[in-house]
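Everything below concerns the one structure shown next.
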Amino acid sequence: MSGYFQALLDPSMPFVRNALIAGLLSAVLFGVLGAVVTVKRIAGLAGAIAHAVLGGIGLSLFLAAKGVLPGLPPIVGALAFALLAAAVIGFVSLRAKQREDTVINAIWAIGMSLGVLFIAKTPGYADPMSYLFGNILLVSGRDLALLAALDAVVLFLAWRYYPQIEASAFDEEFARVRGVPTDAVFVATLAVTAVAVVLLQTFVGIVMVIAMLTLPSGTAGFAARSLAAMMAGGAALSAIFTVGGLAASWSLDLPAGAVVVVIAGAAFLAASAAVAVRAGKRRGGRA
């Protein structure tokens, strides 16, 4: 572990500091958005959007390599596919609930399959695994600026519309009766999640995005008594898991994203087991 902290202070290794800053900035998104995703139980929707991104990445790489749109950055196609997936899922969820699961699974599978096909036909070599797991050590200053800007937007929206978000998250029917525009809140949540996924997958990968949108907030949810507490707890745990994962991966020479997910998953399972044991003892004491 000491080697990692020495690398942080080494002027010749700015990528190590960029990775740490990126992890801390992404923790804000994982905490705020993850809490809403977890409470509303729409992790499957977020997962479908995350996988649809690969289709946009593959298409951008293909068009750029073929000279159709020279220099087209993958983030453009990723953003287009993510927002399209969010729009389709939002429409189906609100207008055709009986087919929601089918459409989610279809978008999930089609998005990834299109990405693999486009990448396979792209001249040269493009490794889809780099987009599935990412490489947080390759974060640039531009990525950090975009991530910081998105953090500011998400924090502002969460603060400005917190009562509406909380009401629609915990009891959508009651919130609708009270005049809360629950449909608009739902669509806005999907849209912001889609944009966040696009930025996050650039350096942490699709797999880590899905895991970190659910595991830290889910772990914080065992102790939180409000959505705000869950957001704060999820952000704090995300930061801890990320820093711990970066340090461990540096020391063990392992992929950073995969190590972070393993740590987050282990913490969630441990917390779940502790809650189950505590509940069992309470039932035993009452018997």
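The values are calculated or read from the model by the stated rules, or taken from the named source; none is laboratory data. Fair warning: this is a prediction, and the values are worked out from it, not measured in the lab. Glycine also receives a Cβ, built like all others from the backbone with ideal geometry; neighbour counts cover every protein chain displayed.
When Thr189 is tested against (1) within 17 Å of the chain's Cα centre (by Cα); (2) not in a helix (DSSP H, G or I), exactly one condition is not met: (2).
Given the criteria more than 24 Å from Leu25 (Cβ to Cβ), of a type outside the set (Val, Ile, Thr) and in contact with a helix residue (DSSP H, G or I) (Cβ under 9 Å, 6 or more places away or on another chain), does Ser251 qualify? For Ser251, the condition - more than 24 Å from Leu25 (Cβ to Cβ), of a type outside the set (Val, Ile, Thr) and in contact with a helix residue (DSSP H, G or I) (Cβ under 9 Å, 6 or more places away or on another chain) - is not met. Scoring Thr122 on the criteria (1) modelled with pLDDT under 75; (2) part of a loop (DSSP other than H, G, I, E, B) leaves a single failure, condition (1).
For (1) of a type in the set (Val, Ile, Thr); (2) in contact (Cβ under 8 Å) with a residue 40 or more places away in the chain; (3) in a helix (DSSP H, G or I), each residue gets a yes or a no:
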{"residue": "Met231", "(1), (2), (3)": "no, yes, yes"}
{"residue": "Gly234", "(1), (2), (3)": "no, yes, yes"}
{"residue": "Ile240", "(1), (2), (3)": "yes, no, yes"}
{"residue": "Leu254", "(1), (2), (3)": "no, no, no"}
{"residue": "Val275", "(1), (2), (3)": "yes, yes, yes"}
{"residue": "Arg278", "(1), (2), (3)": "no, no, yes"}
{"residue": "Arg282", "(1), (2), (3)": "no, no, yes"}
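Please tell me if Val259 is in contact with a helix residue (DSSP H, G or I) (Cβ under 6 Å, 6 or more places away or on another chain), of a type in the set (Val, Ile, Thr) and in a helix (DSSP H, G or I). Considered against the rule, which asks whether it is in contact with a helix residue (DSSP H, G or I) (Cβ under 6 Å, 6 or more places away or on another chain), of a type in the set (Val, Ile, Thr) and in a helix (DSSP H, G or I), Val259 comes out as yes.
Where helices (runs of 4 or more DSSP H) fall entirely within the range 1-92, those with at least 1 residues that are of a type in the set (S, T, N, Q), in contact with a Gly (Cβ under 9 Å, 6 or more places away or on another chain) and under 30 Å from Asp183 (Cβ atoms) are at 14-39. Among the numbered conditions (1) in contact with a helix residue (DSSP H, G or I) (Cβ under 7 Å, 6 or more places away or on another chain); (2) without any contact (Cβ under 8 Å) to a residue 40 or more places away in the chain, the only one that Phe15 does not meet is (2). Just one of the listed residues (Val197, Val207) is within 11 Å of the chain's Cα centre (by Cα), surrounded by fewer than 22 Cβ atoms within 10 Å (Cβ to Cβ) and touching a residue at least 60 places away in the same chain (Cβ under 8 Å), namely Val207.
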